[in-house]
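Structure record follows, encoded as structure tokens.
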Amino acid sequence: MSFDTFFRAASYGTVACGALGLAASGGMGAGLAVAFVLVLVGAWVSEGRRWQLSERTGLVVVLLSMPLFYLDWKFQGGAGVGSERAQVAVSALVHLTLFLSSVKLFQIKADRDWLFLYLISFFEILLAAGLSISPLFMLMLGLYMFSALLTIVSFELRRAHRRVPAGEVRLLVAHEATLMSRLWNRRRWGGARMLRRLPLAALCLLILIFALALPIFFITPRFGSSAMTIAGGGATGYVGFSDRVSLGEIGRLQQNDRIVMRVRVDDPQAERNRDLRWRGVALDEFSGREWKRSIRNSDAVPRSERDRYQFGTTTHLEHLTTQTFFLEPIDTPVLFAAPRTLALQGALPFVRRDKEGALTTSLHLQERLTYRAYSDTVEPPAEILRRDVAVYPQEMRRYLQRPENLDPRIEQLAGAVVERYGAANVYDKARAIEDHLNNAYGYTLEMRAGGSDPLADFLFRVRAGHCEYFSTAMAVMLRTQGIAARVVNGFQMGEYNDAADAYTVRQKNAHSWVEVYFPKADAWVTFDPTPPAGRTLTTESGGLRAQLNKYAEALELFWIQYVVAYDRQEQRTLAGALRRRWSEYRQLAGLNLDALAATIRSWWEGSPEDAGGAKSLSRTSRIALLLFACALTFALLVYGRRLWRKGFNRRLTHGEEVDRSGSIVAFYQRMLEALEARGLRRAAHQTPLEFAAATGIPEALSLTRAYHRVRYGKEKLSTTEVAEVEEYLRRVEEKNS
């Protein structure tokens, strides 16, 4: 491969990587990507052919096409609103950049045209960075940077080669044709080797750039989210987390596999954290067909230092469970957390809390949210709850509300279940109804219950449903027994990924359960009447595909945490983790050094006999052995340094060897110094042979020819030739005296 072909291949690769970044981020469709690939192939084939566009023709084509792209942006962008309009504008911008690249590719290219193509590809990568929040962009960026570095190095080498003046071309006499032919062949081999080493050099530069950039990246936090996440399509289809929820909406969520969030739990194996739920909204008023909040107003929570919002306290720090949420763009302002949330921490614009304990912030249709939640997940023991017989305060009586036209059979069923289980207190009554629904009914996602009273239809005819029907049935049945209860909508824990140390929560993990109030303990206690079939978390089967998916999820979570959502909070967390790790390593190193010092001290001081009973070395012998080891180490260091320097110097001179008269330049340098003493100085424009011929000294010409053979011909001088070189040098130097 010639250098020009190598340069063009690197340049086309850079242009292709820019377009590939756009395709990977969703900036252009498959059809447009295929069309641009055909453009690249056609432009490569047409390089150096007569049908390439001239610079003037290319400029005319671009100028004539500008109105078309303006119309593309104007009319398509005007058809939509909000994010749709912005997405059309980005699409028109992508069309424009690809068209400009295509015109330049088919044009006869000077240096400025190549630079224009490089700038367009860089702009495409910037555009892809705004469109993408996926770790796939990291791969595209690395590929583009490698190709761009290779292209820049090739471009500069090409420019430097063309700047060599014509006067530097060596004019050689006929009898040196064989020598220069050999030299040319060696240069061709050296050029091929250089082309093979350029990709390695570009890769090393890329690694060095990333190594220098990573500390800066982690030290400098980001404060905003992606400004152009419109390509992600936003969030659609999330229901069940508003002021009003009809029976069946959670069931529709459970049929979707889309990821809602990822949750990392500190100490997930602790007993209190093994069956967590991510609480969303709680609803207290039931009309017979839907649940709603009777009190819709919510209170703004003041923000304290470090972006913390606090709602309560705990009596024991060991009751706290810390969760880190990476919430995907969704069309609800609800913030999820484990029950009894005491505080939130994150870069949130605001946090509001309603009377049912639901937490909300602003809508985030086009961006992820990252926050940390602190919850007291320990509930009062059953023994204490069984003794809780306090009267409900007036403000809690709204949790006893029932529909006016409630089917009387529901109250009769609740009474019969309580009587059959022999429940005599609130806690046992709640457990009795929970157990009855768990065992006497089936679980299904099909919407079988209906009619004017879907709850009664579920309990007495269909006898199967999804979690909403079970939680509604339990809450209403408890209220018929004078027990305050409410329905809670949220998510189950999700699927645990040990590679990411986090739970992946999908829409199919949407869930509904019941909270029962105990006035003496002033606590809402969770009950889940849904049968085990509706609470079993599905996991992927083993195998290569499952393992690859697991590590892909871990990579994406790392990307979200430390790239997309990296802020001051993550910066402090990372710094704290590094400090702890450094302290552990320092402590371990100190222990190892102490052990080593004790071993050396024991060896130095010695003992009368070792463990085997043999005589130990005397102090004089130990001193002699230590001195010998130091001398040997010093000798190895000195000799190794000399060997390394010798090899390094050889590499610097491309494998050139030193002849017996010293450096390959030494005898030629002696000749130059001797001639300079006689007033003969080599001009900058003269080649060595031209200078030797101009001196009119036969010895100088012979020495220069020997210099060329060794310096450029890679030859070694024989013993006879070395003697001749010394004789020529003596003659030249004698003429000065």
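Taking 19 Å as the straight-line reach from the Cα of LYS109, the aspartates and glutamates in range (excluding those fewer than 8 positions away in the same chain) are ASP4, GLU47, GLU55, GLU156. Annotation note: trypsin sites (Lys or Arg not before Pro) in the range 353-385 located in DSSP loop regions with a Cβ neighbour count of at most 13 within 10 Å are absent. For GLU395, what is the net charge nearby, where nearby means another residue's Cβ is under 12 Å from its Cβ and Lys, Arg count +1, Asp, Glu -1? Surrounding charge for GLU395 is +2. Solvent exposure of the range 1-76 amounts to 58 Å² per residue of accessible area, where only protein heavy atoms count and the probe is 1.4 Å. Directionally averaged projected area (the range 346-415, Cα convex hull): 9.2 nm². Enumerate the residues in the range 310-337 having an amide nitrogen under 11 Å from the point lying 7 Å beyond the Cα of ARG296 toward its Cβ. Once the point is set 7 Å along Cα→Cβ of ARG296, nothing inside the range 310-337 turns out to lie under 11 Å by backbone N. For the range 427-502, with all protein chains in place and a probe radius of 1.4 Å, 41% of the accessible heavy-atom surface sits on carbon or sulfur. Of LYS355/LYS520; LYS292/LYS355; LYS429/LYS520; LYS355/LYS508, which pairs sit farther than 21 Å apart, going by alpha carbon to alpha carbon? In this structure, LYS355/LYS508 lie more than 21 Å apart at Cα.
Here the gap between LEU627 and ALA35, fully extended at 0.36 nm per residue and compared with their Cα-Cα distance, gives a gain of 205.6 nm. How large is the Rg to Rh ratio of the range 684-737 when both quantities use alpha carbon positions and Rh follows Kirkwood? Taking Rh as the inverse mean 1/r over Cα pairs, Rg/Rh reads 0.99.
Note on GLU673: accessible area is roughly 110 Å² with a 1.4 Å probe, heavy atoms of protein only.
Between GLU715 and GLU676, the FRET efficiency from the beta-carbon distance, with R0 = 25 Å, is close to 0.40.
Taken about its Cα centre, the range 304-449 carries a charge dipole of roughly 200 debye when the Cβ of each Lys and Arg holds +1 and the Cβ of each Asp and Glu holds -1. Seen from ALA373, the other residues with C-beta closer than 12 Å to its C-beta sum to a net charge of +3, counting Lys and Arg as +1 and Asp and Glu as -1. Between ARG289 and ASP522, the contour length at 0.36 nm per residue exceeds the alpha carbon distance by 80.9 nm. With R₀ fixed at 35 Å, the C-beta to C-beta distance from ALA597 to VAL638 puts the FRET efficiency at about 0.80. The aspartates and glutamates whose alpha-carbon is closer than 18 Å to the alpha-carbon of LYS714, local same-chain residues fewer than 8 away aside, are GLU176, GLU656, GLU657, ASP659. Here the range 669-737 has 48 percent of its accessible surface on carbon and sulfur atoms, given a 1.4 Å probe and all protein chains in place.
Each label was represented as a point 7 Å from its Cα along the Cα-to-Cβ direction; for SER54 and GLN394 these points are 9.5 nm apart. Among the chymotrypsin sites (Phe, Trp or Tyr not before Pro) within the range 321-393, those in coil by DSSP and having at most 16 neighbouring Cβ atoms inside 10 Å are PHE350. Taking each residue as 0.36 nm, the span from ALA211 to LEU126 lengthens on full extension beyond its C-alpha to C-alpha distance by 28.5 nm.
With a Cα-only, solvent-free Debye model of the range 411-490, what are the log10 I(q)/I(0) values at q = 0.14, 0.21, 0.25 Å⁻¹? Treating every Cα as an identical point scatterer, log10 I(q)/I(0) equals -0.43, -0.95, -1.26.
The label point for LEU317 and the one for GLN587, both projected 7 Å from the Cα toward the Cβ, are 1.6 nm apart.
The values are calculated or read from the model by the stated rules, or taken from the named source; none is laboratory data. Just so it is clear, the model here is predicted, and its values are computed rather than measured. Note that we place each Cβ from the backbone using ideal geometry, even for glycine, and neighbour counts take in every protein chain shown. Just so you know, the surface numbers come from the protein's heavy atoms only, side chains and all, with ligands and any DNA or RNA stripped out. Shrake-Rupley method; radii C 1.70, N 1.55, O 1.52, S 1.80 Å.
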